[in-house]
Amino acid sequence: MKKSILILTLLFSSFYGFSQEKDVLYGIRGGLNISNLDFDPEPNFTNEHRNGFAFGFFGELDLTEKISLMPELQFSAEGAKEKSIRIDYIQAPILFKYRITDKIAAGAGPLVGVKIHEENDGFKNFGLSGIVGGEYMITSEIFVDVRYSYGFTNKIDKESDYKVKQTNIQFGVGYKI
């Protein structure tokens with residue numbers, strides 16, 4: 001976990017050096033999650049999706065006129081509806097974005113997450129996912145977006161008959177400064 005915090009700190013502090021030459025935006029973002037845990041094989045209990053929320057802050061660095069890098073740090077309530085299989089995270093998505101028009105952008109990249117709150121609940125403390133999404137600028141500062149993430153790592157921490165992957169759809173709104 002210390003390595004993750006160090007990497008995130010270095011990533012966000014690097015914006016200061018780039019801001020002299022490139023356009024850098026900062027902002028806040030919040031949204032609604034619709035997440036679930038996909039069990040293989042199917043579990044013998046009810047596995048319904050969880051409605052949760054996410055909020056955080058981001059930086060956006062223009063690499064070219066059309067391409068930007070957008071690292072983010074966010075809290076995200078995910079997992080499934082059943083209380084025993086809810087998982088809350090501090091996540092760091094890093095999106096490589098492509099501006100299709102002045103108002104529309106698409107992005108993709110990795111997402112790393114560190115589980116918070118519960119200990120010894122049978123779930124791993126660290127997760128790696130892939131994320132894709134789209135963004136629409138309502139004004140020059142306000143945007144709405146939608147993202148889909150799929151977990152690459154098994155969420156179960158111990159020996160189990162199950163392999164569990166996290167999926168999440170996130171609808172967000174944000175403000176760029």
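A few comments on the model shown:
- Scanning the range 160-171 for residues that are out of contact with any Phe, Trp or Tyr (no Cβ under 8 Å at 6 or more places or on another chain), open to solvent by 60 Å² or more (accessible area, probe 1.4 Å) and at pLDDT below 95 yields a single hit, ASP161.
- Pairs where the first residue, in the range 98-116, is under 24 Å from SER140 (Cβ atoms) and the second is assigned to a loop (DSSP other than H, G, I, E, B) and open to solvent by 40 Å² or more (accessible area, probe 1.4 Å), C-beta under 8 Å, 6+ apart: TYR98/LYS66; ARG99/GLU65; ARG99/LYS66; ALA106/ILE100
- Of all the residues in the range 22-32, those that are touching an Asp or Glu at 6+ places or on another chain (Cβ under 6 Å) and assigned to a strand (DSSP E or B) number 1.
- Test result for ALA105, closer than 17 Å to GLY174 by Cα and under 11 Å from the mean Cα position of the chain (by Cα): no
- Of all the residues in the range 120-139, those that are open to solvent by less than 70 Å² (accessible area, probe 1.4 Å), closer than 17 Å to LYS103 by Cα and aliphatic (A, V, I, L, M) number 1.
- Within the set GLU141, GLU82, the sole residue that is touching a Lys or Arg at 6+ places or on another chain (Cβ under 9 Å), at pLDDT 95 or above and of a type in the set (Asp, Glu) turns out to be GLU141.
- For the range 140-159, taking the residues that are closer than 14 Å to ASP38 by Cα and assigned to a loop (DSSP other than H, G, I, E, B), the one that is least open to solvent (accessible area, probe 1.4 Å) is identified as LYS155.
- Test result for ILE94, of a type outside the set (S, T, N, Q) and either under 14 Å from the mean Cα position of the chain (by Cα) or farther than 21 Å from GLY31 by Cβ (or both): yes
- Of the residues making up the range 41-51, one or more are among the polar types (S, T, N, Q) and modelled with pLDDT of 95 or more.
- Here HIS49 meets each of (1) free of Cβ contacts under 8 Å to residues at least 60 places away in the same chain; (2) within 11 Å of the chain's Cα centre (by Cα) with one exception, condition (2).
- Extreme residue, most open to solvent (accessible area, probe 1.4 Å), among residues of the range 106-119 that are touching a Gly at 6+ places or on another chain (Cβ under 7 Å) and of a type in the set (Gly, Ala, Ser): ALA106
- Long-range neighbours under 7 Å by Cβ, at least six apart or interchain, first residue more than 13 Å from ILE28 (Cβ to Cβ) within the range 138-150, second open to solvent by 60 Å² or more (accessible area, probe 1.4 Å) and outside any strand (DSSP E or B): VAL144/ILE138
The values are calculated or read from the model by the stated rules, or taken from the named source; none is laboratory data. What you are looking at is a predicted structure, and each value in this text was computed from that prediction instead of being measured. Positions of Cβ are backbone-derived with ideal geometry, glycine not excepted, and every protein chain shown enters the neighbour counts. Just so you know, the surface numbers come from the protein's heavy atoms only, side chains and all, with ligands and any DNA or RNA stripped out. Shrake-Rupley method; radii C 1.70, N 1.55, O 1.52, S 1.80 Å.
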